[in-house]
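Computed from the coordinates by the stated procedures, all read-outs in this text should not be read as laboratory data. Everything numeric here is computed off the predicted structure, so don't read it as measured data. Note that each Cβ is placed from the backbone with ideal geometry, even for glycine, and that neighbours are counted across all protein chains shown.
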Amino acid sequence: MCLLHKIGRTTSLLESSIGGDGLQSIPALLRRNAKSIANAPAYREKELGIWQSWTWSEAEK
């Protein structure tokens, strides 16, 4: 069973992101998040054993 179903979430992440905002594309989601939560981590990756983080404002650039 999917972890999301175990915690009661049945909609996909994309559906919940597009949901009530009317956002129709990934770039629109990126712009919205860069404005509203600019300093929050957007994504992380491990490079040479060290975790690197990028904020929403950095990802938009």
_Label-to-label distance, nm, for residues given as L30 and E60 (7 Å Cα→Cβ offset)_ = 1.2
*Would you pull out the residues with amide H under 5 Å of A42's amide H, same chain only if 5 or more places away, H placed 1.01 Å from N?*
W54, T55, W56
